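Single-structure report; data block below.
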Amino acid sequence: MATPKKIVYIDTNAIIEATRTGCLKAILNHYDVRTVEEVRKESLHVPKDKKSFVKVDEALFRSQVNVSPVSEADILRAAVKAPGLMALDKGERDLLAHVADLKDPDVWVLTTADRAAVRTACALSIEPRLVSLEELATGSGQKPKLSEWFTKNWLRKVRTEYLLDGFQVP
């Protein structure tokens, strides 16, 4: 019997960076990738200004990414725990609101490229489940040239900054 794939929730920035660097397909094949409806919309949206646009393979996305709805109640429950949630991009907000209620400690959450989203994840007490795109790519056998904010070191630095912010010297 095959081992079930590790569940990973992924945000728009990570989907776009994985597409840009060519590791999305490997990640989708290696993990059980999930997200929320708003991230799906953002990831597949074609902007009017296509200068720096990265086109996500819609057929691949639709066939391999499980998408969950997020209710206003989910968002409000999470916002009570982490008021900064409401200042985030809608995709990041909805993703964090959705995963904040998940009880499975083995679910990984990927929020990268946004310091505020990482800090909000920490405030929601899901900090131990954050992973970088670099870790997912490496786990799926890839070594792409990622932008700095998608690396393990960047994520570690932001988490440490958050934890130290709450530390008071007497």
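The values are calculated or read from the model by the stated rules, or taken from the named source; none is laboratory data. Just so we're clear, the structure is a prediction, and the values are computed from it rather than from any experiment. All Cβ positions, glycine included, derive from the backbone under ideal geometry; neighbour counts span all protein chains shown.
Observations, loosely collected:
- The residues in segment 117-135 that are among the small types (Gly, Ala, Ser) and farther than 16 Å from residue 150 by Cβ can be counted, and the count is 2.
- Among the residues making up segment 152-162, those that are closer than 14 Å to residue 114 by Cβ and in contact with an Asp or Glu (Cβ under 8 Å, 6 or more places away or on another chain) are 154, 159, 162.
- Answer residue from segment 13-22, given it is farther than 15 Å from residue 62 by Cβ and polar (S, T, N, Q) and is surrounded by the most Cβ atoms within 10 Å (Cβ to Cβ) among those: 13
- Neighbours by Cβ (under 6 Å, 6+ apart or cross-chain): first from segment 89-109, under 12 Å from residue 76 (Cα atoms); second assigned to a loop (DSSP other than H, G, I, E, B) and basic (Lys, Arg): none
- Taken over segment 89-107, the criterion of being touching a helix residue (DSSP H, G or I) at 6+ places or on another chain (Cβ under 7 Å) and either under 16 Å from residue 40 (Cα atoms) or buried (at least 21 other Cβ atoms within 10 Å of the Cβ) (or both) is satisfied by 90, 91, 92, 93, 94, 95, 96, 97, 98, 100.
- Output for segment 128-148, where each listed residue is more than 12 Å from the chain's Cα centre (by Cα), touching a residue at least 24 places away in the same chain (Cβ under 8 Å) and surrounded by 14 or more Cβ atoms within 10 Å (Cβ to Cβ): 137, 139, 140, 142, 144, 146, 147
- Scanning segment 1-12 for residues that are within 11 Å of the chain's Cα centre (by Cα) and more than 17 Å from residue 60 (Cα to Cα) yields a total of 0.
- Selection within segment 23-66: residues that are in contact (Cβ under 8 Å) with a residue 60 or more places away in the chain and among the polar types (S, T, N, Q). The member of this set that is surrounded by the fewest Cβ atoms within 10 Å (Cβ to Cβ) is 29.
- Of all residues in segment 101-118, those that are under 15 Å from residue 160 (Cα atoms) and either at pLDDT below 80 or over 15 Å from the mean Cα position of the chain (by Cα) (or both) total 1.
- Scanning segment 67-76 for residues that are surrounded by 14 or more Cβ atoms within 10 Å (Cβ to Cβ) and not β-branched (Val, Ile, Thr) yields a total of 2.
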